[in-house]
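Reading through the structure tokens given below for one structure.
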Amino acid sequence: MPQKPKIGIMQGRLSEMYENKIQSFPSQSWKEEFKIASNCGLEIIEWIFDEIQPNPILSDEGIIEINQLMEKNNISINAICADYFMTKKLFNESKSELEKNIETMKKLIIQANKLEISMIEIPLVDSSSLKNDENKNGIINNFKKILPFAEKNNVTIVLETDFNPSDFKEFLMGFNHPCVMANYDSGNSASLGYNSGEELTKLKKWIKNVHVKDRKFKDTTVPFGMGDTNFDLFFSSLSKINYSGDLIIQGARYKDKEITPEKTCKIYQEFIKQNVDKHYI
């Protein structure tokens, strides 16, 4: 029987929506989220680094405070979801902008190492989608300035794209580096109309982190079970490839305000647990 994955949650999902954004750094409540996560029985939070600044993860004072909260609440941070690079891209930018963005990435790698965070996720979707070979080759070349730095600091860069599984596999092989892996998102896959069984089988060598989400086909994120994600196929495929990494809750908030973020977390946590118990046998 494969080892069962641990369940964690994306930062911000334990707070109310900020400025009508599904996902953003919870600048007003990030400290409280550690306690809420602990109350929910979770052990993992995935940190968000986006354009909401200042983000405490960039300062040494912030690192000290984050470490204290992790220790006090028995919570670890498995990864940094660097949505920042969806607009401050690591490709297709002017030379000066690109240099600034690469320096920000290097700083984030250093800070991740201080917190013993082993992964930084770069979403290459939506506004940062790789539209052509020039974009693909650009990011592969620019990563040559980043990957030795990541390796030195024991940080893996996990990429998420909107490629079909064959193209994503070819793209990952283009880096030819042990510090480049993949993040898999069940909801984004459903939105694109992909088959999670085919994706997980083809990409199993690279999948390092998994976001659990539900989305409608070519549409937005919805609560678990209300979209087009085939959860039976998704969880059974994870089991077949012996995935034992983390499962990060990234589900939509309920429109019913009586279902608080904490209650939503518990509902989603139980949903994932039941599916893991069903398929990891």
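Of note:
- Residue match in the range 121-143 (condition: acidic (Asp, Glu), surrounded by fewer than 22 Cβ atoms within 10 Å (Cβ to Cβ), over 15 Å from ASN92 (Cα atoms) and modelled with pLDDT of 95 or more): no
- If you go through the range 241-261 and keep only what is surrounded by 15 or more Cβ atoms within 10 Å (Cβ to Cβ) and either in contact (Cβ under 8 Å) with a residue 60 or more places away in the chain or not β-branched (Val, Ile, Thr) (or both), you end up with TYR243, GLY245, ASP246, LEU247, ILE248, ILE249, GLN250, GLY251, ALA252, ARG253, TYR254, PRO261.
- The test for being small (Gly, Ala, Ser) and surrounded by 18 or more Cβ atoms within 10 Å (Cβ to Cβ) does not hold for SER96.
- For LYS131, the criteria (1) without any contact (Cβ under 8 Å) to a residue 24 or more places away in the chain; (2) under 29 Å from MET70 (Cα atoms); (3) not polar (S, T, N, Q) hold in every case but one, which is (2).
- Residues in the range 144-166 that are closer than 27 Å to THR201 by Cβ, out of contact with any strand residue (DSSP E or B) (no Cβ under 8 Å at 6 or more places or on another chain) and part of a helix (DSSP H, G or I): PRO165, SER166.
- Meets criteria (in contact (Cβ under 8 Å) with a residue 60 or more places away in the chain and either part of a loop (DSSP other than H, G, I, E, B) or under 26 Å from CYS265 (Cα atoms) (or both)) for ASN183: yes
- With respect to (1) among the hydroxyl-bearing types (Ser, Thr, Tyr); (2) touching a residue at least 40 places away in the same chain (Cβ under 8 Å); (3) surrounded by fewer than 19 Cβ atoms within 10 Å (Cβ to Cβ), the lone exception for SER166 is condition (2).
- Applying the condition of being buried (at least 20 other Cβ atoms within 10 Å of the Cβ) and hydrophobic (A, V, I, L, M, F, W, C) to the range 173-197 and asking which residue is nearest to the chain's Cα centre (by Cα) yields ALA182.
- Within the range 5-25, the set of residues being in contact with a helix residue (DSSP H, G or I) (Cβ under 8 Å, 6 or more places away or on another chain), of a type in the set (D, E, K, R) and at pLDDT 95 or above comprises ARG13 only.
- The residues of the range 30-82 that are among the hydroxyl-bearing types (Ser, Thr, Tyr) and either buried (at least 20 other Cβ atoms within 10 Å of the Cβ) or closer than 18 Å to ILE109 by Cα (or both), listed by number, are SER59, SER76.
- Among helices (runs of 4 or more DSSP H) entirely within the range 10-126, having at least 3 residues that are of a type in the set (Asp, Glu), under 16 Å from ILE146 (Cα atoms) and more than 20 Å from the chain's Cα centre (by Cα) singles out 95-114.
The values are calculated or read from the model by the stated rules, or taken from the named source; none is laboratory data. Quantities reported herein were computed from a predicted structural model and do not represent experimental measurements. Heads up, the Cβs are rebuilt from the backbone with ideal geometry, glycines too, and the neighbour counts pull from every protein chain shown.
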